[in-house]
1. Looking at region 50-60, can you tell me whether even one residue there is surrounded by 11 or more Cβ atoms within 10 Å (Cβ to Cβ) and in contact (Cβ under 8 Å) with a residue 12 or more places away in the chain?
2. Counting only residues that are at pLDDT below 75 and either assigned to a helix (DSSP H, G or I) or touching a helix residue (DSSP H, G or I) at 6+ places or on another chain (Cβ under 6 Å) (or both), how many does region 14-29 have?
3. Looking at region 4-16, I want the residues that are at negative phi and have a partner that is modelled with pLDDT of 70 or more and surrounded by fewer than 11 Cβ atoms within 10 Å (Cβ to Cβ) with Cβ atoms under 7 Å, at least 6 apart or on another chain. Which pairs are those?
């Protein structure tokens, strides 16, 4: 998603980027907990705070990159 927004802002095709797989232990070091339980869920925020975002993630990224 980020590369698509970036390409739209710069009006050019998104570049192909190669990635390298690195374990969390190797990257962060000992003691880092790479939990699979972290799943973003806006319903919890809405229930507890009665809050909903007014700006979509796409629009927020676009406005940030344009700034």
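The values are calculated or read from the model by the stated rules, or taken from the named source; none is laboratory data. Fair warning: this is a prediction, and the values are worked out from it, not measured in the lab. All Cβ positions, even for glycine, are placed from backbone atoms using ideal geometry, and neighbour counts span all protein chains on display.
1. Restricting attention to region 50-60, the residues satisfying the condition of being surrounded by 11 or more Cβ atoms within 10 Å (Cβ to Cβ) are 53, 57-60.
Narrowing the set further to residues that are in contact (Cβ under 8 Å) with a residue 12 or more places away in the chain leaves 57-58.
Yes; the residues of region 50-60 include at least one that is surrounded by 11 or more Cβ atoms within 10 Å (Cβ to Cβ) and in contact (Cβ under 8 Å) with a residue 12 or more places away in the chain.
2. Residues flagged as at pLDDT below 75 and either assigned to a helix (DSSP H, G or I) or touching a helix residue (DSSP H, G or I) at 6+ places or on another chain (Cβ under 6 Å) (or both) within region 14-29 amount to 1.
3. 9/66
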